[in-house]
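Reviewing the structure listed below.
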Amino acid sequence: MTEHHNIKRINPRRAYEIMTNGVKRITLGLNSDYVAHEVSLHQTSNKPLRSPKKAEKRVLVIAHSERGTLDDHAKQCLAAAAILADAETAVVALVLGELQEDLSNAGVDEVLVMDTLDYQTFQPDIELAFVKNIITSLQPSRIFMPDNLIGDGDLGRRLIASQPEKLAATHVIEINNAHIANYQLGGNAIALASFPYIVLLAPDAADTSLPFSASALAIDPLTANQQMRHAQTPSYASLGMQTIDAAKIALEEADFIVSAGNGVSNVQTLQTLAAALDAAVGASRVAVDDGKFSRDKQIGATGKTVSASTYFAIGISGALQHLQGIKDCRHVIAINRDHSAAIVKRANLSLIGDAEEIMQALISAIAEAKITAITDVKLATQEAA
Ligand SMILES: Cc1cc2nc3c(=O)[nH]c(=O)nc-3n(C[C@H](O)[C@H](O)[C@H](O)COP(=O)(O)OP(=O)(O)OC[C@H]3O[C@@H](n4cnc5c(N)ncnc54)[C@H](O)[C@@H]3O)c2cc1C
């Protein structure tokens with residue numbers, strides 16, 4: 001049995017990225033510049049297990065989940081915490097919202113789920129009080145949060161403001177154990193600072209493909225519920241999320257995008273499908289150049305960069321310039337008649353066939369499903385009455 005103790009090897013020639021303004025930026029963990037610092041043969045996957053024995057310290061990563069999963073940005077925070085943690089430090093994930101995925105490949109040693117605190121309900125002071133209680137009880141040596149617009153960035157700033165005596169940094173774009181960095185002078189320079197207590201990490205500062213897995217043990221939710229009792233009651237009423245017309249949402253903010261390429265001959269069918277799915281509409285450059293869509297719909301290197309949960313690419317080949325614009329999308333579904341198209345390789349699910357035929361079939365299936373759902377609700381209401 002081979003065991004490596006606390007070995008960290010940093011490749012001095014590791015990859016870095018030159019930003020458009022000439023600034024050099026290194027991504028933590030990218031190109032395997034890091035080797036797992038504790039491995040054992042008790043593996044849960046084919047990766048070595050990072051398992052801090054008798055962890056004396058904890059680092060805490062706090063993030064909201066969405067539909068039972070953590071997004072890539074949250075997982076980058078977990079990866080950063082796990083890569084930087086030494087052999088005596090456990091990585092604890094505090095997930096606000098339900099969690100239905102296994103976080104062992106995200107480098108998490110312990111998971112605490114608080115499913116009543118999801119981002120859909122506006123309750124910042126309750127969340128803050130809860131998080132502060134957890135911090136008091138876990139006494140983490142560091143805290144990581146995604147610096148995003150879906151609740152974590154807001155909660156992180158509230159946390160920072162509530163602990164003025166602690167060092168904190170926002171918009172952190174580069175991180176290692178010695179320092180953190182963020183942009184200054186409008187992005188024309190990078191400023192380094194010593195490692196703070198609270199780090200709000202910008203997207204893409206760490207690589208999520210870790211060379212190790214972790215045990216991801218659930219912490220007893222009872223503890224969390226007890227903590228919850230100490231949380232204060234809100235002085236306002238949350239009206240919940242408001243649904244707005246997907247067509248009115250900026251593409252960069254859309255969660256579901258139906259996008260048309262040169263293989264879409266009937267724009268009306270595509271728009272009907274997008275409306276049925278309550279999705280925003282995007283397009284490839286060729287579809288825009290053809291005059292089928294306005295320029296603001298173009299997605300790609302010279303168009304918009306989108307980060308939808310689901311990107312539905314219809315009749316789009318998946319040219320490099322287009323793929324650049326969808327690199328942050330979580331799920332890609334493609335319709336294409338060419339099974340060897342680059343978009344099919346990028347897609348999580350592909351439908352091979354004629355775009356018009358498949359779109360028509362989907363529109364009919366969605367209409368049927370909606371009728372069934374309405375009928376079920378009516379029957380249930382009648383039964384209840
Ligand atoms: C500097 C530069 C910047 C660029 N910037 C961008 C950019 O920002 N965004 C962008 O999108 N492109 C950009 N491009 C263009 C890019 O290289 C591609 O030409 C473009 O993305 C192709 O668009 P497309 O996939 O819709 O069309 P095509 O390449 O024509 O592909 C059409 C696809 O539809 C499929 N298809 C055809 N008919 C059907 C059917 N009936 N049913 C199902 N599938 C069908 C085909 O198999 C094919 O895969 C840029 C290029 C350059 C040089």
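The values are calculated or read from the model by the stated rules, or taken from the named source; none is laboratory data. What you see is a predicted model; the values in this text were computed from it and never measured. Methodologically, a virtual Cβ is constructed for each residue, glycine included, from the backbone with ideal geometry; neighbour enumeration extends over all protein chains shown.
At a glance:
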read-out	value
Members of the range 269-328 found to be within 13 Å of the ligand (Cβ to nearest atom) and in contact with a Cys (Cβ under 9 Å, 6 or more places away or on another chain), listed by number	306, 311
Residue tally, condition touching a Gly at 6+ places or on another chain (Cβ under 7 Å) and among the hydroxyl-bearing types (Ser, Thr, Tyr), over the range 268-287	1
Residue count for the range 40-69, restricted to those that are hydrophobic (A, V, I, L, M, F, W, C) and at pLDDT 90 or above	5
Residues (surrounded by fewer than 20 Cβ atoms within 10 Å (Cβ to Cβ) and near the ligand (Cβ under 9 Å from one of its atoms)) located in the range 329-338	337, 338
Given (1) exposed (fewer than 14 other Cβ atoms within 10 Å of the Cβ); (2) at positive phi, number of the condition residue 318 does not satisfy	(1)
Single residue of 84, 94 found to be crowded, with 22+ Cβ neighbours inside 10 Å, of a type in the set (A, V, I, L, M, F, W, C) and touching a Leu at 6+ places or on another chain (Cβ under 7 Å)	94
Yes/no for residue 345 being more than 8 Å from the ligand (Cβ to nearest atom), at pLDDT 95 or above, more than 20 Å from residue 270 (Cα to Cα) and surrounded by fewer than 20 Cβ atoms within 10 Å (Cβ to Cβ)	yes
So residue 307, is it of a type in the set (S, T, N, Q) and either at pLDDT 95 or above or closer than 23 Å to residue 361 by Cβ (or both)	no
Long-range neighbours under 7 Å by Cβ, at least six apart or interchain, first residue under 22 Å from residue 68 (Cβ atoms) within the range 297-312, second of a type in the set (Ser, Thr, Tyr) and near the ligand (Cβ under 10 Å from one of its atoms)	311/259; 312/259
